[in-house]
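Reading through the structure tokens given below for one structure.
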Amino acid sequence: MSQTQFVLSVPPPSWTDGEEFRIHCGISDGLIRNVEPVGSQFLAHARRKLNNHSFSEDDR
Amino acid sequence: MPSATDSKPVIIGLRIGQSYSSIAIINKDGRAGCIANEDGERQIPTMVAFSGEEELTGTQARVQLLSNAKNTITQFRNFIGKSYEECKSIANIGTAQLVDKDGQAAYKVEFKEEETIVTVQEVCTKYITSLKESAENFLGQPVTGTVLAVPTYFTEQQKNSLKIATEKAGLKVLQLINEPSAAALAYELGYISGQKLMTANEYDDRVDVIVDLGSDSLDVSVMSVRSGMYTILGTTHDPDLGGAAFDELLAKHFANEFKRKTKIDITDNKRALVKLRNAVEITKKTLSSNSTAPCSVESLAEGIDFHGNINRTRFEIMANKLFSKNLEIISEALKKNDLEPQSIDEVILVGGASRIPKLQSKIREMFVNPSTLIRQDFEPEEVVAYGCAFQGSLLSNFADKIINDSINTSITSTPHLLKSIGIVNDKQEFITLIPENTPLPVRRKFTFTNYLENQKEIYITVWEGIHQHQEEEKKVEEGKNDEKDEGGEDIKLPQRPINIPDKLLAEMVLK
Ligand SMILES: Nc1ncnc2c1ncn2[C@@H]1O[C@H](COP(=O)(O)OP(=O)(O)OP(=O)(O)O)[C@@H](O)[C@H]1O
Ligand SMILES: [Mg+2]
């Protein structure tokens, strides 16, 4: 886990109380590339992909 | 006695270079190390020779090279999986003759008093068998498998052919991995004097440049590293650079000196050139640690011995153009990926010729940002083999099927973030949380701290960022400077390109 160190602003006046989030748009389309099949993080990635698992399913 | 099936698998890491090869294992303390062959060498010459009734490899082949050049096979690694036509114009001159065997590249040698043709794949099998035996002699137990490094420019056909050659040598190939990835892995998993090496940042996001100056080529790979996942963004291969190019310079220099002293021209004397090239390689290596180095060849031509000397400064002047060419290739590799030297976190030096001190200092100058680490903690010839050994030990816990399924392109091919994702602070500055080129899916955790004591909610905006180009920034800096001090000799270090927020993705309130 990473600790962030900076000051965040306050909600704008237009923000309604009780509102949790507003999604504006998705991320840009990713570029398809090959990850190098080495190292333990890759093996974990491969395991998730092979089992069709999400990160949280993988945690269990 | 334990049978082969119930004993633990013994996996070695192998890198086969055009000139030298290395065998690595993981020691009991979890560190990688290279094994010496029976002659005490850890950089084992990639050579196979036929002498009378005997087949010789490695150091044994090298010691008889000068007396038996026509039956000694050198520089064969790159010919594996290639046709004779593809290889004929680049074959070594002065050693065993390259010939056509049903279209395949092969060598003609004399063995047991008969003319024999051996294909490149057979040569590789003989050589790899000897590496396996060296490892077994050292370890005192059978070696079961290997992870083998291959250059990034190898074709699928070359990889297949090398795999077959290795399997014929009695070694199961767990995986073939790219040389630069092996080097990066070695640095990630390596320890030096009890200390873990990498501590870039929490998630270990970096851009690495792997500069491999071997004997025959310069290979530059630009790699993005995201939480231990590696993606090669681009590679550049220059087959005219490498240690041999420096040997050639020295050989020319001493051939001229010999001509001046004796009036004998050896330019067309193949045998003399083989002798001289062999000698100057030692001269070149000596110059990396000493300020002067001798070059001696017994009976160079017409029975006359040669003795010469060169100092490092002279060599560096002679090699200046070569240094520049090497640097040009490195900077081209960066440009191809739209990167500036100042955005590089680490430069990993690989390959024996990267030991040349002047080249190292020029690389240091090129990556002017002091935060760019120049990694040379490990022996540059060995680091690729270390990475293979580490990968071998990771894989030794998995079944063959899982390994094969994992390294399939359906698993390796994956979308990567096009632009960084981050948040904006109260000064409207973009703070990267997940950098571009991160493979997806990705999960990261961050802790946001409140800045008021009783604050119950934190409002954050999530943005996609784009790189702002460095030039504009620098101009602003210079403009500011002009007002303050005129003609000040301030040395401005280039800054890393920074991200600016581009597109608002989401707003949210954390409670
Ligand atoms: N101390 C040294 N100083 C300068 N050059 C050296 C030194 N030690 C080794 N070399 C050179 O490094 C080269 C061998 O490096 P390396 O083993 O990495 O090459 P390789 O992997 O066999 O070649 P390639 O990568 O082109 O296939 C040779 O040209 C050798 O002369
Ligand atoms: Mg090499």
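The values are calculated or read from the model by the stated rules, or taken from the named source; none is laboratory data. Given the structure is predicted, the values throughout are model-derived calculations rather than measurements. Cβ coordinates were reconstructed from backbone atoms using ideal geometry, including for glycine residues, and neighbour counts include every protein chain displayed. Heads up: the accessible areas ignore ligands, DNA and RNA and are worked out on the full protein's heavy atoms, side chains in. Shrake-Rupley method; radii C 1.70, N 1.55, O 1.52, S 1.80 Å.
Things to note:
- For region B:120-167, a residue qualifies if it is among the aliphatic types (A, V, I, L, M) and surrounded by fewer than 16 Cβ atoms within 10 Å (Cβ to Cβ), and exactly one does: B:Leu139.
- Filter pass, B:Glu365 being within 18 Å of the chain's Cα centre (by Cα), outside the structural domain of B:Leu250 (by TED's automatic domain parsing), open to solvent by 10 Å² or more (accessible area, probe 1.4 Å) and under 24 Å from B:Asp240 (Cβ atoms): no
- If you filter region B:284-315 down to residues that are open to solvent by 40 Å² or more (accessible area, probe 1.4 Å) and within 10 Å of ligand 1 (Cβ to nearest atom), you find that the one that is farthest from the other protein chains (Cβ to nearest Cβ) is B:Ser289.
- In region B:12-31, the residues that are under 17 Å from B:Ser134 (Cα atoms) and away from ligand 1 (no atom under 15 Å from the Cβ): B:Ile12, B:Ile25, B:Ile26, B:Asn27
- Single match in B:Arg42, B:Arg62 (criterion: within 16 Å of ligand 1 (Cβ to nearest atom) and not in a helix (DSSP H, G or I)): B:Arg42
- Any helices (runs of 4 or more DSSP H) falling wholly within region B:318-417 and containing at least 1 residues that are away from ligand 1 (no atom under 16 Å from the Cβ), over 18 Å from B:Glu179 (Cα atoms) and among the hydrophobic types (A, V, I, L, M, F, W, C): B:320-336, B:357-366, B:400-406, B:409-412
- The set of residues in region B:239-271 being surrounded by fewer than 20 Cβ atoms within 10 Å (Cβ to Cβ), in contact with a strand residue (DSSP E or B) (Cβ under 9 Å, 6 or more places away or on another chain) and under 17 Å from B:Asn92 (Cα atoms) consists of B:Pro239, B:Asp240, B:Asn269, B:Arg271.
- Checking each residue in region B:425-445 for being over 12 Å from B:Ser224 (Cβ atoms), part of a strand (DSSP E or B) and within 7 Å of another protein chain (Cβ to nearest Cβ) picks out only B:Ile431.
- Of the candidates B:Ala293, B:Ala272, the single residue that is more than 16 Å from ligand 2 (Cβ to nearest atom) and in a helix (DSSP H, G or I) is B:Ala272.
- When restricted to residues that are surrounded by 13 or more Cβ atoms within 10 Å (Cβ to Cβ), within 17 Å of the chain's Cα centre (by Cα) and at the interface with chain B (Cβ under 7 Å from one of its Cβ atoms), region A:43-60 contains 2.
Quick grid of which residues meet (1) closer than 30 Å to B:Ala135 by Cα; (2) of a type in the set (D, E, K, R); (3) without any contact (Cβ under 8 Å) to a residue 40 or more places away in the chain:
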residue	(1), (2), (3)
B:Leu334	no, no, no
B:Met366	no, no, yes
B:Ala385	yes, no, no
B:Ala389	yes, no, no
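- Residues of region A:6-42 classified as open to solvent by less than 80 Å² (accessible area, probe 1.4 Å), farther than 25 Å from B:Lys511 by Cα and either part of a helix (DSSP H, G or I) or more than 7 Å from every other protein chain (Cβ to nearest Cβ) (or both), total: 2
- Residue among B:Thr414, B:Thr372 that alone is free of Cβ contacts under 8 Å to residues at least 60 places away in the same chain, more than 7 Å from chain A (Cβ to nearest Cβ) and open to solvent by less than 10 Å² (accessible area, probe 1.4 Å): B:Thr372
- Matching residues in region B:202-238 - criterion: being open to solvent by less than 10 Å² (accessible area, probe 1.4 Å), away from ligand 1 (no atom under 16 Å from the Cβ) and within 14 Å of another protein chain (Cβ to nearest Cβ): B:Arg206, B:Asp208, B:Val222, B:Met223, B:Ser224, B:Val225, B:Gly228, B:Tyr230, B:Thr231
- Lone qualifier among B:Ala389, B:Ala399, B:Ala385 - being more than 7 Å from chain A (Cβ to nearest Cβ), open to solvent by 40 Å² or more (accessible area, probe 1.4 Å) and out of contact with any Phe, Trp or Tyr (no Cβ under 7 Å at 6 or more places or on another chain): B:Ala399
- Test set (1) out of contact with any Phe, Trp or Tyr (no Cβ under 8 Å at 6 or more places or on another chain); (2) outside any strand (DSSP E or B) - B:Val280 fails condition number: (1)
- Exactly one residue out of B:Ile93, B:Ile117, B:Ile80 is more than 14 Å from chain A (Cβ to nearest Cβ) and either within 13 Å of ligand 1 (Cβ to nearest atom) or open to solvent by less than 20 Å² (accessible area, probe 1.4 Å) (or both): that is B:Ile80.
- Qualifying positions in region B:166-175 - more than 10 Å from every other protein chain (Cβ to nearest Cβ) and under 22 Å from the mean Cα position of the chain (by Cα): B:Thr166, B:Val173, B:Leu174
- Selection status of B:Gly33, of a type outside the set (S, T, N, Q) and open to solvent by 30 Å² or more (accessible area, probe 1.4 Å): no
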